[in-house]
Amino acid sequence: MILSREEALEESGPAPDVFLITSRIGDAGLRLMSDLRSRPETRHAAICIVQTDASTERAAIAFDLGADDLVGASVDPRELRLRLRNLMRRKQRGDRQRETVQTGLRLAIIDPLTGLYNRRYAAAHLAAMAERAQESGHPFAVMVIDLDRFKMVNDRWGHAAGDAVLIEVARRLEKNLRQGDLLARIGGEEFLVALTDTRLSDARTAAERLCQAVQEQPIPLPGGEPLSITVSIGLAVDDAGAVGLEPVAAVVNRADLALMASKNAGRNQVTISRTFA
């Protein structure tokens, strides 16, 4: 494709793997290369510059600013073809390596079944949340959520049905939380929710909304049979976060104990921990 400077810098459509810049090396060519390197869409593209003079100083500047290759204006087309092919292969190899790294990073913090954050990420996020609460003096709330009688789902309908239930419950929970709230799957059928800058009354309303969101519609199973599912929730609010009296692990533990109380009281309800455990 033959592109003008403006067209090369447009953000619409997939970016080329390689740019061959034919402007004078000391003028618009270098500026265009710098602009391409500064944009996320073209940052990793390979760039070959056609040098219109034999200045070694300008060649050094071009490589220093990010050029991948440099050719003379009278380069043989067959040589240019080989150079561009090698640049394309190198760029695509780099793309695969970056994707491998990004996939690894995602897998380190994401639950592969539900797409939610996992326990490892939740622990780090909660620690940061507690630190911000101490600095700001604003409370935060933690919920531990467990599906009721989930073992029966796996035993009666199989693990494929259990997976379908977990995925749908995760979707309903996520849909009924704010964008900045934390939602993580921390066990087989156990989820954790953390709400920043949230007092007890608002946290209780949010927890009751989550219970309702899960139970209001049966969940279709892979075989077509709908299944009604409920959850039990334990809720704890860190009112002492501003002065740092309670470690974040203690808040989670109080929420977990409150969850057990919800289970013992008949399930499908919210229990609030009001005191330190």
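The values are calculated or read from the model by the stated rules, or taken from the named source; none is laboratory data. Values in this document were obtained by computation on a predicted structure and should not be read as measured data. Glycine also receives a Cβ, built like all others from the backbone with ideal geometry; neighbour counts cover every protein chain displayed. To get the accessible areas, we keep the full protein, side chains included, count just its heavy atoms, and leave off ligands, DNA and RNA. Shrake-Rupley method; radii C 1.70, N 1.55, O 1.52, S 1.80 Å.
Applying the Karplus relation 6.51 cos²θ - 1.76 cosθ + 1.60 with θ = phi - 60° to region 163-178 yields 3J(HN,Hα) values of 5, 4, 5, 4, 5, 6, 4, 4, 5, 5, 4, 4, 5, 9, 10, 6 Hz, where x marks Gly and Pro. Scanning residues 5 or more positions from ILE219 or on other chains, those with amide H under 5 Å from its amide H are LEU227, SER228, ILE229, with H placed 1.01 Å from N in the peptide plane.
Shown in residue order for region 88-104 are the 3J(HN,Hα) couplings computed by the Karplus curve 6.51 cos²θ - 1.76 cosθ + 1.60 at θ = phi - 60°: 5, 5, 5, 5, 5, 5, x, 4, 5, 5, 5, 5, 4, 5, 5, 5, x Hz (x for Gly and Pro). Pop out the Kirkwood hydrodynamic radius of the chain from its pairwise C-alpha distances, inverse of mean 1/r, in Å to one decimal. Kirkwood radius, the chain: 23.0 Å.
Per residue, region 11-81 exposes an accessible area of 57 Å² to a 1.4 Å probe, with every protein chain left in place.
Which of the listed residues, HIS159, GLN102, ALA130, is farthest toward the dipole's positive end in the chain, when Lys, Arg count +1 and Asp, Glu count -1 at the beta-carbon? Going by the charge dipole, the pick is HIS159. The aspartates and glutamates whose alpha-carbon is closer than 16 Å to the alpha-carbon of LYS91, local same-chain residues fewer than 8 away aside, are ASP17, GLU41, ASP68, ASP69, GLU99.
Helical content of the chain, expressed as a calculated mean residue ellipticity at 222 nm, amounts to -15500 deg cm²/dmol (DSSP H runs of 4 or more residues, -39,500 (n - 2.57) each, divided by residue number, nearest 500). Once the Cα atoms are used to define both axes, helix 28-38 deviates from the longest principal axis of the chain by about 20 degrees.
If you average the sequence gap of Cα pairs under 8 Å that are 6 or more apart and divide by the length of the chain, what percent do you get for the contact order?
After rounding, I find 16 percent.
As a ratio to 2.2 N^0.38 Å, the alpha-carbon radius of gyration for region 138-267 is 1.09.
For region 101-154, what is the Kirkwood hydrodynamic radius in Å, using each pair of distinct C-alpha atoms? Computed over Cα pairs of region 101-154, the Kirkwood hydrodynamic radius comes out at 13.7 Å. Each Lys or Arg adds one and each Asp or Glu subtracts one; over the other residues with Cβ under 13 Å from the Cβ of TYR121, this totals +3. Taking 0.36 nm per residue of separation and subtracting the Cα-Cα distance, full extension of the segment from VAL71 to HIS44 would add 7.7 nm.
Full extension of the chain segment joining ASN86 with ASP163 gains 23.2 nm, where the gain is 0.36 nm per residue of separation less the Cα-Cα distance. Average accessible surface for region 183-249: 43 Å² per residue, computed with a 1.4 Å probe over protein heavy atoms with every protein chain in place. In units of the compact-protein estimate 2.2 N^0.38 Å, region 34-96 shows a Cα radius of gyration of 1.17.
Quick note on region 1-114: its Rg to Rh ratio, both from C-alpha atoms and Rh being the Kirkwood radius, is 1.07.
Starting from 0.36 nm per residue, how many nanometres of slack lie between ARG132 and LEU113 once their C-alpha separation is accounted for?
Values: separation 19, 0.36 × 19 = 6.84 nm, distance 3.04 nm.
So the chain would gain 3.8 nm between ARG132 and LEU113.
Here the Karplus relation 6.51 cos²θ - 1.76 cosθ + 1.60, evaluated at θ = phi - 60°, turns the backbone of region 16-21 into coupling constants of x, 6, 9, 10, 10, 9 Hz, with x for every Gly and Pro.
Just to check, using Stokes-Einstein with a Kirkwood Rh over alpha carbon pairs, what's the diffusion coefficient of region 78-174 at 25 °C and 0.890 mPa s in µm²/s? So the translational diffusion coefficient is about 137 µm²/s. With a cut-off of 9 Å between beta carbons, the residues surrounding LEU200 carry a summed charge of +1, where Lys and Arg count +1 and Asp and Glu -1. Accessible surface of the chain, 1.4 Å probe: 51 percent of it comes from carbon and sulfur atoms.
Can you compute the FRET efficiency between ARG149 and THR196 using 1/(1 + (r/R0)^6), with r the Cβ-Cβ distance and R0 = 22 Å? Round to the nearest 0.05.
Computed FRET efficiency for ARG149 and THR196 comes out at 0.10.
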